[in-house]
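Colleague: Please find one structure pasted underneath; my questions will follow.
Bear in mind these aren't lab numbers, they're just calculated from the coordinates by the rules spelled out. Just so it is clear, the structure is predicted and the values come from calculations on it, not from any experiment. In this analysis, Cβ positions are derived from the backbone assuming ideal geometry, glycine residues included, and neighbour counts consider all displayed protein chains.
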Amino acid sequence: MIFWIASYPKSGNTWIRALISTYLYTDGKEFNFDLLRNIPKFIQEKYILPFIKLEEIKKNPLEITKHWENAQSRINLDNKLKFFKTHNACASYKDRWFTTSNNTLGYIYIVRDPRAVACSLASHSKISIEQSVHDLLNENQIGYNEKNKLAELLGSWKINYLSWKKKKSFDGHIVKYEDLIDDTGNELKKILIFLKSKINNFDYVDSPSISINEEKILKTVNSCKFSNMSKMEEVVGFEEATINKFFRRGTKDSWKSELSKDMRKKIEENFENEMLELGYL
């Protein structure tokens, strides 16, 4: 079964993957980028292309939605628990759901202040802040895997967040990026407690047995500090980086000096209810 690490782009997904993979797949060792392969991206050719030719996807990127379920069912044939990263909204396209309880055990969703997301996305994709805000508000926004151009149905920041939060057919745990910055160890512990409640009760092949070890949590947090990962990227590179450096600042409030009043107002007016609920307003 699949456990999703889900988020809108540039919301802290890779940081969560680093923390989980270091805790679960090492015996107290330091983080390295190879560990992220334990939680790969779902949108990859090897999962999708058994069902559709790349030429068909290039003609119509959303043809990929026909094979979401097929790809996930094939992944689950070996009865192993697997973690996957996604930026897809947990929504449907032409009555085709991204995932269902037939293939999914649960999810962790990382949410971040959309004002900060807009700035980080602009830097990451090398686009203007105005374009980034436009994309953030676009209810039909599509994202593309930078390497193979396979599509992800993002929706707006609001649609993406609510699509996972309101999903009732399987359980999830929501993490605020800002809380992760303020107390990484406590947020990781909450994640592990949730994973333990979902995973330890099921008999999957080679499934990790999760225990809560305070010393190991501390070592994991120290190993996965944002500054450490940023320095590591400078030295060895990071394959998921695109045009600019992937690990930018890792702060909460840099948007205050980067976002114009007009852009800030546009985001706050469109996402007012959700931002109030999350304590961003």
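Colleague: What FRET efficiency, computed as 1/(1 + (r/R0)^6) with R0 = 41 Å and r the Cβ-Cβ distance, is obtained for E272 and K196, rounded to the nearest 0.05?
Modeller: Computed FRET efficiency for E272 and K196: 0.70.
Colleague: Moving on. Listed highest first by mean packing, meaning other Cβ atoms within 10 Å per residue, what order do 36-42, 261-267 come in?
Modeller: 36-42, 261-267
Colleague: If each DSSP helix of 4+ residues adds -39,500 (n - 2.57) and the sum is divided by the residues in the chain, what number results at 222 nm, nearest 500 deg cm²/dmol?
Modeller: Result for the chain: -12500 deg cm²/dmol, rounded to the nearest 500.
Colleague: Using only alpha carbon positions, build the gyration tensor of segment 1-135, then give the equivalent ellipsoid semi-axes as the square roots of 5 times its eigenvalues, largest first, whole angstrom.
Modeller: 24, 23, 14
Colleague: Mind checking which lysines have their C-alpha under 21 Å from K265, skipping anything on the same chain fewer than 8 residues away?
Modeller: K10, K158, K252, K256
Colleague: Turning to a different aspect of this structure: Can you give me the relative contact order of segment 2-277 as a percent, contacts being Cα pairs under 8 Å and 6 or more apart?
Modeller: 25
Colleague: Kindly rank 100-112, 189-201 from highest to lowest mean number of other beta carbons found within 10 Å of each residue.
Modeller: Output ranking for 100-112, 189-201: 100-112, 189-201.
Colleague: In segment 89-106, whose amide N lies under 18 Å from the spot 7 Å out along Cα-to-Cβ of E56? List them in ranges.
Modeller: Zone members listed by number: 93-98.
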